[in-house]
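Remarks on the structure that follows.
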Amino acid sequence: MMHPGYGGPDIAESQRHANLETVRRVRETVAELVGAERRRRQAEGLMVSRDLDRRRLDEAAAALGLPPLLDEEWDAVNGG
């Protein structure tokens with residue numbers, strides 16, 4: 001069953017295009033959120049398996065040319 005007025009002939013082509021664009025952006029955003037959560041879980045797994053403390057993690061980041069973790073980031077992955 002279609003929602004009344006959804007996809008019907010009364011919707012202007014420009015509005016249909018805007019709706020499709022909105023749906024595309026929402027899907028991309030959700031995909032980014034899922035990817036970020038997956039990367040966070042992988043990072044936590046590596047920290048545990050390698051027994052990385054803050055100093056070692058910052059050293060690893062520096063070796064990769066990445067900035068050190070912010071305090072808030074460390075707290076998030078360290079359960080603090």
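Odds and ends about this structure:
- Search result, residues across the stretch 44-74 that are open to solvent by 70 Å² or more (accessible area, probe 1.4 Å), part of a loop (DSSP other than H, G, I, E, B) and aliphatic (A, V, I, L, M): LEU64, LEU66, LEU70
- Matching option when the condition is surrounded by 10 or more Cβ atoms within 10 Å (Cβ to Cβ) and at pLDDT 80 or above, among VAL34, VAL77: VAL34
The values are calculated or read from the model by the stated rules, or taken from the named source; none is laboratory data. On a predicted model such as this, the values are computed, not experimentally measured, just so you know. Using ideal geometry, Cβ is built from the backbone for each residue, glycine included, and neighbour counts are taken over all protein chains shown. Side chains included, ligands, DNA and RNA excluded: accessible areas come from the protein's heavy atoms. Shrake-Rupley method; radii C 1.70, N 1.55, O 1.52, S 1.80 Å.
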